[in-house]
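Student: I am attaching a structure below and will ask some questions about it afterwards.
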């Protein structure tokens with residue numbers, strides 16, 4: 001049984017949330033997001049909190065319960081504060097720069113990589129070896145960060161590549177003579 005699904009989702013003060021059927025809409029200072037809850041789950045807004053319950057005790061309904069509650073919590077947090085992922089670039093000559101809204105990466109290939117972020121995502125490069133991806137939709141922010149990391153994943157021998165700021169690269173020992 002879901003333990004996270006039992007907790008109600010409190011609606012922050014500066015966020016306006018509405019529940020119409022299976023659609024939860026949140027409007028806040030950063031923007032507006034919608035989430036359509038699965039039909040196996042009941043959702044209702046009472047006393048400034050959103051309650052999520054399974055429609056019945058089937059395995060499918062219980063499996064969607066906690067996920068639905070977490071998605072609702074994420075859209076409320078996103079429209080209030082937003083989300084961000086930090087990436088670090090390590091390697092000799094590896095760097096990032098912005099050309100307007102386009103991200104330009106030099107990560108050891110014979111050519112530079114250009115990445116256009118999707119709508120609603122902001123990419124910043126405070127240092128040539130640091131990238132900050134931010135937006136209101138947690139899933140899209142994570143997806144963009146993963147796509148940027150995929151251009152040159154960190155390798156285990158020297159640790160060169162693009163990695164998440166909180167990621168720990170397990171290093172391998174090289175060949176011995």
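Student: For 76, 45, what's the fewest-to-most ordering of other Cβ within 10 Å of each Cβ?
Tutor: Taking fewest neighbouring Cβ atoms as first place, the list is 45, 76.
Student: Right, another one. Let a ≥ b ≥ c be the square roots of the eigenvalues of the Cα gyration tensor of segment 18-89; is it rounded (a/c under 1.5), or, if not, prolate (a/b larger than b/c) or oblate?
Tutor: oblate
Student: Please compute the length gained on full extension between residue 111 and residue 124, using 0.36 nm multiplied by the number of residues separating them and subtracting their Cα-Cα distance.
Tutor: Fully extending the segment from residue 111 to residue 124 adds 2.5 nm.
Student: Just rank 98, 67, fewest to most, by other beta-carbon atoms within 10 angstrom.
Tutor: The most exposed by this proxy come first: 98, 67.
Student: Below 8 Å between Cα atoms, with a sequence gap of 6+, how large is the relative contact order for segment 9-80 in percent?
Tutor: Relative contact order here is 34 percent.
Student: Per residue of the chain, what 222 nm ellipticity follows from adding -39500 (n - 2.57) for every DSSP H run with n ≥ 4, rounded to the nearest 500?
Tutor: -6500 deg cm²/dmol
Student: Right, another one. Please list the equivalent ellipsoid semi-axes of the chain, computed as the square roots of five times the alpha-carbon gyration tensor eigenvalues, in descending order and whole angstrom.
Tutor: Square roots of five times the eigenvalues give 39, 21, 12 Å.
Student: Helix 59-80 versus the longest principal axis of the chain: what is the Cα-based angle in degrees, 0 to 90, to the nearest 10?
Tutor: Helix 59-80 sits roughly 70 degrees off the main axis of the chain.
Student: Give the order of 42, 87 when sorted by the count of other beta carbons within 10 angstrom, beginning with the fewest.
Tutor: Ordered by Cβ neighbours within 10 Å, fewest first: 42, 87.
Student: What is the pair-distance distribution P(r) of segment 83-164, computed from all Cα-Cα distances in 5 Å bins starting at 0, with each bin given as a whole percent?
Tutor: 3, 17, 29, 27, 15, 7, 2, 0
Student: OK, next. Would you mind checking the tilt of helix 138-150 against the longest principal axis of the Cα atoms of the chain, expressed as 0 to 90 degrees and rounded to 10?
Tutor: For helix 138-150, the angle is close to 20 degrees.
Student: Now, a different point. Give the relative contact order (percent, whole number) for the chain; include only Cα pairs under 8 Å separated by 6+ residues.
Tutor: Normalised by residue count, the contact order of the chain is 18 percent.
Every number here is computed from the coordinates shown, using simple stated rules; none is lab data. Quick caveat, the model's predicted, so the values are computed rather than measured. Heads up, the Cβs are rebuilt from the backbone with ideal geometry, glycines too, and the neighbour counts pull from every protein chain shown.
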